[in-house]
Each structure stands twice: as C-alpha cells, then as structure tokens.
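Chemist: The structure follows.
The values are calculated or read from the model by the stated rules, or taken from the named source; none is laboratory data. Bear in mind that the values here come from a model prediction, so they are computed numbers and not experimental data. Positions of Cβ are generated from backbone atoms using ideal geometry, with glycine treated the same way; all protein chains shown enter the neighbour counts.
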Amino acid sequence: MRAPSALPSSKNWKPLLCVADDERIEDVEMFRDYIMVSVKRQGRPVVIIHNRVSKSNSELPLPNGGNCVVRPDSNPQFDTSTVRLCFSSPVHLESTIEYNMATQTPHKSWTSTPLHINPDDYVIQHERASSDRLQVPVTLIRHKSISLASQ
C-alpha cells in the first residue's frame, strides 16, 4: 500500500502491488527507485521488482526455471539498482546472484556445487499430487538418463 506523506491515514491508501489469493509475500526489500518482493506462487519462488519511478512490476528470471529456494542476501545500499539474492536447490549448494533491477538481468554470480555432481546432469520437476481435495506440491529429482514411466 502507499499513501501521500501528508495524508497517511488508511482512507488514502492505494495498492502498490497485489498478489493472488493463493500467493504469499515472504520478504520485501526497499531501494530508492525499486522495491523487491519475494513471493511464493504455488509453492515456487517468484521475485517481483516494482519500479518506483515507472510504477511498473516485472519478475526476475530465476535459475533452474525457479526450481530453487530464494532468499535476499545482504543489500545494505539503498541508492542502487543492484539486488543480491541467494539461491539453493537439491543439486546446488547456496549461490549468490546479483541482478540489475533496471534490466532484470543477472550480471554477477558466485556459484558452488557439491563435489563430483554436475548439476546439468539432473532434472528437477515440481508436480502436484492429489490428496482428498488438496493438491500437494512434490519435488522430483532425477538423473537425465532416467526416464519416468507413464501411468
């Protein structure tokens, strides 16, 4: 929500960024020209960048097609267009990527992978399993040489 500084009462609040009923805001980082919002959408991470100047929203492209855990890293600079995010997945140890919020592109990264594992040899899939009336998210990890049998 946002409101004029001179009139901050709730009757002057206006939506800044709305998420769907099945989405959850997990974290918000403020910068001079941007607001970074971490969201869970159907159990998967999404990072939305709100441009405070153009009033537009865009989503950052996440590694592994979003099949990862995302958390903000230390972002001590307020007057910057760069945000640092930490990522991890079942086939990657924690990695840090700097994104340019103006272009929504990564421009620097520090990646670590477990010894004797090539992450490119693995497929990570998110599926939904039915249980009564619920859809339960399930993460499947397999070597690319293994195919899943159809049922």
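Chemist: Any idea how many residues of the stretch 59-79 are modelled with pLDDT of 95 or more and surrounded by 16 or more Cβ atoms within 10 Å (Cβ to Cβ)?
Modeler: 0
Chemist: Among the residues of the stretch 123-143 satisfying the criterion of being more than 21 Å from Ser89 (Cα to Cα) and among the hydroxyl-bearing types (Ser, Thr, Tyr), which is farthest from the chain's Cα centre (by Cα)?
Modeler: The qualifying residue farthest from the chain's Cα centre (by Cα) is Ser131.
Chemist: Being assigned to a strand (DSSP E or B), surrounded by fewer than 16 Cβ atoms within 10 Å (Cβ to Cβ) and in contact with a Pro (Cβ under 6 Å, 6 or more places away or on another chain): is that true of Ile141 here?
Modeler: yes
Chemist: Surrounded by 12 or more Cβ atoms within 10 Å (Cβ to Cβ) and over 25 Å from Met1 (Cα atoms): is that true of Val91 in this structure?
Modeler: Taking the combined requirement at face value, the residue satisfies it.
Chemist: Return the pair list, or none, for Cβ contacts closer than 6 Å from residues in the stretch 25-45 that are in contact (Cβ under 8 Å) with a residue 60 or more places away in the chain and under 15 Å from Arg84 (Cβ atoms) to residues that are among the hydrophobic types (A, V, I, L, M, F, W, C) and in a strand (DSSP E or B), at least 6 apart or on different chains.
Modeler: Tyr34/Ile49; Met36/Ile49; Met36/Val83
Chemist: Could you say which residue among Ile35, Ile97, Ile25, Ile49 is loosely packed, with under 15 Cβ neighbours inside 10 Å and modelled with pLDDT of 85 or more?
Modeler: After applying the criteria, what remains is Ile25.
Chemist: Residues that are under 30 Å from Asp121 (Cβ atoms) and of a type outside the set (Val, Ile, Thr): which strands (runs of 3 or more DSSP E) entirely in the stretch 1-88 hold 2 or more of them?
Modeler: Hits in the stretch 1-88: 34-41, 44-51, 69-72.
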